[in-house]
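Any read-out appearing in this document is the output of simple, stated calculations on the displayed coordinates, not a laboratory observation. Keep in mind the model is a prediction, meaning the values are calculated, not measured. So basically every Cβ, Gly included, is an ideal-geometry build from the backbone, and we count neighbours across all protein chains shown.
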Amino acid sequence: MLGYVNKGCPIQGTLLSKDETVFKTIIVIGAGIAGLSAGCYAQMNGYKTQIFEMRDKPGDVCTSWQRKGFTIDGCLERLVGSAPGSPIYLCWQELGMIQGQKIVNLDQFWRSN
């Protein structure tokens, strides 16, 4: 089977023989949940990925840090889509994020008086 690789110009390219391999690469900017998920899904579909994050660790709003002997959890107030049957639940399953985790889905997440 022959493949066609575009060399950056919409009308020029190189015809490849069946023995040549083209590596598809995706660069993801940001290592929050969306960026990490995008990178995982890309790899699950045969792409090589590089994820770039400006901070010293991934997670964005899903991180924690230590300060004066305390752990500060800057994570989400709740894991969106963690209830079976919700539209995002399948995504969490496919990425292996929900298996083996105990998640309590409350009827009420917060209350203001």
query = Which far-off residues, 5 or more places away or on another chain, put their amide H under 5 Å from the one on Ser82, with H placed in the peptide plane?
reply = none
remark   = For Val104, Val61, Val80, ascending order of other Cβ atoms within 10 Å (fewest first) is Val104, Val61, Val80
task = Please grab the % of Cα pairs in region 55-98 that end up more than 14 Å from each other.
result = 61 percent
note = Ordered by fewest other Cβ atoms within 10 Å, a rough proxy for footprinting exposure, Glu94, Glu53 read Glu94, Glu53
Calculated FRET value between Cys75 and Thr25, using beta carbons and R₀ = 30 Å, to 0.05 = 0.45
